[in-house]
1. When you scan segment 212-228, how many residues do you find that are part of a loop (DSSP other than H, G, I, E, B), charged (D, E, K, R) and over 20 Å from Glu181 (Cβ atoms)?
2. Of all residues being among the small types (Gly, Ala, Ser) and either assigned to a helix (DSSP H, G or I) or more than 25 Å from Phe55 (Cβ to Cβ) (or both) in segment 147-165, which is most open to solvent (accessible area, probe 1.4 Å)? Just the residue, please.
3. Counting only residues that are touching a residue at least 40 places away in the same chain (Cβ under 8 Å) and open to solvent by 40 Å² or more (accessible area, probe 1.4 Å), how many does segment 223-241 have?
4. With a cut-off of at least 2 residues that are within 21 Å of the chain's Cα centre (by Cα), name the strands (runs of 3 or more DSSP E) lying wholly within segment 87-146.
5. Just to be sure I understand, how many residues within segment 4-26 are within 19 Å of Ser204 (Cβ to Cβ) and open to solvent by 100 Å² or more (accessible area, probe 1.4 Å)?
6. Any residue in segment 70-80 that is over 22 Å from Ala165 (Cα atoms), out of contact with any Cys (no Cβ under 9 Å at 6 or more places or on another chain), open to solvent by 30 Å² or more (accessible area, probe 1.4 Å) and free of Cβ contacts under 8 Å to residues at least 12 places away in the same chain?
7. With the condition kept exactly as written, say whether any residue in segment 41-50 is surrounded by 16 or more Cβ atoms within 10 Å (Cβ to Cβ), at pLDDT below 80 and touching a Pro at 6+ places or on another chain (Cβ under 9 Å).
8. Read through the list (1) of a type outside the set (A, V, I, L, M); (2) surrounded by fewer than 17 Cβ atoms within 10 Å (Cβ to Cβ); (3) in a loop (DSSP other than H, G, I, E, B), then give the number of the only condition that Arg178 fails.
Amino acid sequence: RIDRPKALEKLSAFSLERGEQFLLPLARCAAAAGARQLTVKGQSALNVNFDGAPFSKEELEDPYGALFIEDAEPRLRHFAAFLLGALRTRPRDVLVSSGRADRRFRLRTVGLEGESVEPDGSRDVRTTIDVRWGPLRWFKAAGPAKAAAREAWVMTPAGFTVDGAAPQRRPAPARLVRIQERGGLRLRLEAHDDPAETLITFCSFGVAVETVKTLLPDGQVRAWVNDDAFTLTASQSAVVEDAHRQKALDAVASADAG
């Protein structure tokens, strides 16, 4: 049998480079759920809500279950990563409400030791999340969390916003080389200021994972490539070097050559 608290404690230590990055896996979770809108706001607590497939009561009752299942649903795996990251910031509590009508439930957690799930009587049909800290910890955690989202949400849907603004880096029309989709990949290329190197940012569910440097034979570009099938490292700070990663590199090279 797995010692759940000890296993989660170890997973938490390796999940995300910094706990304040918890909005990155949450955006991946929302995108995997088919969300087209996700809003982050709040002055005394961080409030998030998004559309797309809701969580069931059973999923809320076992929010970390996907971490112990091979080939678990990405939506649930990234939700678990969000909770692990958020709890590392030592909030007072994390509340997650999801579902519709009499099938709407609320998860409350204050740490890795356990959670409670109860019916939620609100009429909201979106998934809503509140991360609440005391005043001092709010100042230390919420600002960095929003900043990390603004930096990393580079290919998320336009409806993903932080404090009312879309965080994506908008390419200037004069710099854009092309935007295209091929075989599960979404690719965006711009002209690059440095003729001596190409920069490629790998993204998963629209959220940046890592940026690598390379050299292309036919000219250098600035590229962003998204593949939801990328396998991420335990810290979610890099893409595992496998066939999907190589396919992305080849796509950038061929798109530039084309």
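1. 1
2. Taking the candidates together, the pick is Gly164.
3. 3
4. Those strands (runs of 3 or more DSSP E) span 93-98, 105-109, 127-132.
5. 3
6. Scanning segment 70-80, I find at least one residue that is over 22 Å from Ala165 (Cα atoms), out of contact with any Cys (no Cβ under 9 Å at 6 or more places or on another chain), open to solvent by 30 Å² or more (accessible area, probe 1.4 Å) and free of Cβ contacts under 8 Å to residues at least 12 places away in the same chain, so the answer is yes.
7. Within segment 41-50 (the criterion being surrounded by 16 or more Cβ atoms within 10 Å (Cβ to Cβ), at pLDDT below 80 and touching a Pro at 6+ places or on another chain (Cβ under 9 Å)), the answer is no, since none of the residues qualifies.
8. (3)
The values are calculated or read from the model by the stated rules, or taken from the named source; none is laboratory data. This is a predicted model, so every value here is computed, not measured. Cβ sites come from the backbone with ideal geometry, for glycine too, and all protein chains shown count toward neighbours. With ligands, DNA and RNA removed, areas are computed over all heavy atoms of the protein, side chains included. Shrake-Rupley method; radii C 1.70, N 1.55, O 1.52, S 1.80 Å.
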